[in-house]
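Just so you know, all these numbers are worked out from the coordinates, no wet-lab data involved. Just so you know, these numbers come straight off a predicted model, no measurement behind them. Reconstructed Cβ throughout: ideal geometry from the backbone, glycine too, with neighbour counts over all protein chains shown.
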Amino acid sequence: MADNENTLILETTQGPVTIEMRPDLAPGHVARIKELVREGFYDGIVFHRVIEGFMAQTGCPQGTGTGGSGKKLKAEFNKEPHVRGTASMARAANPDSGDSQFFICFDDAAFLNGQYTVWG
């Protein structure tokens, strides 16, 4: 993974995925993602959860969906809708439990709106 200002390019086995990061929506999350990318945290990490027609999730160093970087982030919920191409932070039941895992929506997922931090 590499980032250039506010553009993040994920190199995947299926080809590159470009994410336009949105510090205007979630400055803390974008800053943390950039920090993790620069540290090489995401290098070699798989998409451990892929649900056709819904989303793909990555960011777990164990590849199981159970791990993270060890630094929880305060939620930055915003009004940005979860539509095709949205990058949003995964979390547990606690709104402030986002860490390194995030997901990319394959389709509209309005039921997620306002409950997860959209950052790209």
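Where strands (runs of 3 or more DSSP E) fall wholly inside segment 1-67, no range has 3 or more residues that are of a type in the set (A, V, I, L, M), buried (at least 19 other Cβ atoms within 10 Å of the Cβ) and more than 13 Å from the chain's Cα centre (by Cα). Being exposed (fewer than 14 other Cβ atoms within 10 Å of the Cβ) and either hydroxyl-bearing (Ser, Thr, Tyr) or over 18 Å from residue 7 (Cβ atoms) (or both) is the requirement here; does residue 117 meet it? When the stated conditions are applied, residue 117 does not pass them. The requirement of being under 17 Å from residue 113 (Cα atoms), loosely packed, with under 14 Cβ neighbours inside 10 Å, free of Cβ contacts under 8 Å to residues at least 60 places away in the same chain and not acidic (Asp, Glu) is not satisfied by residue 75.
Residues that are surrounded by fewer than 20 Cβ atoms within 10 Å (Cβ to Cβ) and of a type in the set (Ser, Thr, Tyr) within segment 84-106 comprise just one, 97. Pairs linking a residue in segment 106-120 that is over 14 Å from residue 54 (Cα atoms) to a residue that is surrounded by fewer than 18 Cβ atoms within 10 Å (Cβ to Cβ) and among the hydroxyl-bearing types (Ser, Thr, Tyr), with Cβ atoms under 9 Å and 6 or more positions apart or on different chains, do not occur. Mind listing whichever residues of segment 98-117 are under 17 Å from residue 58 (Cβ atoms) and in a loop (DSSP other than H, G, I, E, B)? If the condition is that a residue be under 17 Å from residue 58 (Cβ atoms) and in a loop (DSSP other than H, G, I, E, B), then 99, 100, 101, 106, 109, 116, 117 are the ones that fit.
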